Every structure is written in structure tokens, then in C-alpha cells.
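The values are calculated or read from the model by the stated rules, or taken from the named source; none is laboratory data. Just so we're clear, the structure is a prediction, and the values are computed from it rather than from any experiment. Cβ atoms come from the backbone with ideal geometry, glycine included; neighbour counts cover every protein chain shown. Accessible surface is based on the protein model in full, side chains and every heavy atom, while ligands, DNA and RNA are left aside. Shrake-Rupley method; radii C 1.70, N 1.55, O 1.52, S 1.80 Å.
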Amino acid sequence: MTKFTRPPWPEVMGEGWQAVDNYIVDKLLGADDALAATLANNAANGLPPIDVSAAQGKMLFLLAQTAGAKNILEIGTLGGYSTIWLARALPEGGRLVTLELEAHHAGVARANLERAGVGGLVDIRVGPASDTLAAMTGETAFDFVFIDADKQNNVHYVREAIRLGRPGTTIVVDNVVREGGVLDGDSGDERIVGTRALFDMLSAEPRLDATAVQTVGAKKWDGFVLARVR
Ligand code: SAH
Ligand code: DHB
Ligand code: MG
């Protein structure tokens, strides 16, 4: 079986990835007070710094706009950093539902979303996403789904995204490479096990066209799945 052990690559590589991300932000994104305040408030409230990067956030924004997404679903809110990017992509009359396990995270996110001026567009639902998803019936179909919560449930979340979507719905799943950890079929890390189960599911799911793209940058070496409901 293909196996990959993370080499002890020089720290300077990570510094280079970060420096290029800084360059991209400087050239193409610029200063953003609401997002900077969100990251500061997250840290002040003890949230882990596992938000998407700025460049990734803008990519989500652009993908959602390109999809013409009016109804967006996010699984895994944390402090709402990615939520703000996605909410900014909404057209007039659009809305975003984001699912979060931890009430503390949801409270911090609520304050961040209000500060960013998108609070009125976002519905945060607190609890295990498998429960809040199960409670979702008869909702307007979601045009864009961003999955970024507990990786062991990613297969279930993608199935739910298909159920709650429509032909053409875009699905993005974060953190599917994990510094090459995805190749370790013997891993005891349930996040890796869940990610590998996701690839197995995608490879056999006729309702989706899917790929995965590796990324390096401020978030080290990782990647995302991009899929579209047929
Ligand atoms: N999307 C965010 C980061 C999310 S981090 C951003 O980029 O800014 C992952 C989040 O998923 C955490 O806040 C964690 O509490 C939440 N989470 C973990 N397990 C969950 C579950 N079963 N249901 C819903 N949310 C969950
Ligand atoms: C983890 C989760 C994330 O969503 C992320 O972007 C990075 C790390 C984690 O659970 O370790
Ligand atoms: Mg993530």
C-alpha cells in the first residue's frame, strides 16, 4: 500500500509558504478590519487558530459567488471567520446556515458576525451537526456547502449535503490532506480514518463529480475536496 511518512522538512519551507501567503494577502486581499478583529476575538476567547487562511477564505467567497449561491450551508462555524467570507458572497435576499457543536464557539461567532455586518444573514444552529442536519427537512435547497467540522463524520456530511442540495450544488470539504496523513491506511487518528472514508465514498458516489486540490501556505500542507452534485 502507498504510505507516506512526513519527512522532517526544513522549517524554512513553512516560512516560505507563509511569506508567499503574506504576499498574496498584501497584493490581492488587503487589510480587513472585521476579519482581523474576528481572529483577535477568537484568540482572546480561547478558540483554536484553525480557521481557513485569508487566501482560502477569499477562495470560498469567489467559489460561492461563481456558483451564484443564494443559500449557503456551513458545517463547523468556530468563530465565524469562514462564515464571514461566505456571507459576503451572498446576493440580496441570500442566507447562510452554519452548524456548530460548541455553544461557546457559536457565541463568539455571533459577536464576530455582528461586528462584520453580516449577522442578519446568518443562522447559527448549535449542537452536533448530525442532529441539526437531521432536523433540516423541507428547507430551500442549498447551492453551496462548506464542510469543516469533525472529520470522522465527513462521509455523513457529504451525504447530507447531497440530500439538502440540488443538481449543481457545490460542495467543499476542508482539511483532506493533513500533511500527507491521508495516505496512512494504518492510522489510528480518526480524522485520517474519516478522510480516507470520504475519498472511498467519493470514488463510488455516482451523484457527484469530485476532485481534491493540495494546498500549502499559512495553514501548512493540506487541501480541500471540491465536488459538484450531478
Ligand atoms: N470553518 C471555520 C473553522 C471550523 S473548526 C473557519 O474556517 O473559520 C471546526 C469546528 O467544528 C469547531 O468549532 C468545532 O467545535 C466544530 N465541530 C466539531 N464537531 C462538531 C460536530 N459534531 N457538529 C458541529 N460542529 C462540530
Ligand atoms: C483541524 C481542523 C480544521 O478545520 C483545520 O482547518 C485545521 C485543523 C483539526 O481538527 O486539527
Ligand atoms: Mg478546516
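The table for this structure:
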{"quantity": "Cβ-placed point charges (K, R +1; D, E -1), dipole of the chain about Cα centre in debye, nearest 20", "calculated": "520 debye"}
{"quantity": "Most fluctuating residue given options E139, E74, E205, as computed from a GNM of the chain linking Cα atoms under 10 Å", "calculated": "E139"}
{"quantity": "Most mobile listed residue (A67, A44, A141) in the chain, GNM with C-alpha springs under 10 Å", "calculated": "A44"}
{"quantity": "Lys/Arg +1, Asp/Glu -1 at C-beta; the range 11-229 dipole; positive extreme among G94, I162, A55", "calculated": "G94"}
{"quantity": "The chain - percent of accessible surface contributed by carbon and sulfur, probe 1.4 Å", "calculated": "55 percent"}
{"quantity": "Mean accessible surface per residue for the chain, computed with a 1.4 Å probe while every protein chain stays in place, in Å²", "calculated": "47 Å²"}
{"quantity": "Net dipole in debye of the range 41-107 [+1 Lys, Arg Cβ; -1 Asp, Glu Cβ; about Cα centre; nearest 20]", "calculated": "240 debye"}
{"quantity": "Rg ratio (alpha-carbon, reference 2.2 N^0.38 Å) - the range 1-94", "calculated": "1.30"}
{"quantity": "Sequence of I75, I24, I50 from largest to smallest accessible area, 1.4 Å probe", "calculated": "I50, I24, I75"}
{"quantity": "Choice from A134, A116, A218 with maximal GNM fluctuation in the chain (Cα, 10 Å cutoff)", "calculated": "A134"}
{"quantity": "Expected 222 nm ellipticity per residue - DSSP helices of 4 or more, -39500 (n - 2.57), all of the chain, to 500", "calculated": "-12000 deg cm²/dmol"}
{"quantity": "Over the chain: Kirkwood hydrodynamic radius from C-alpha pairwise inverse distances, Å", "calculated": "18.1 Å"}
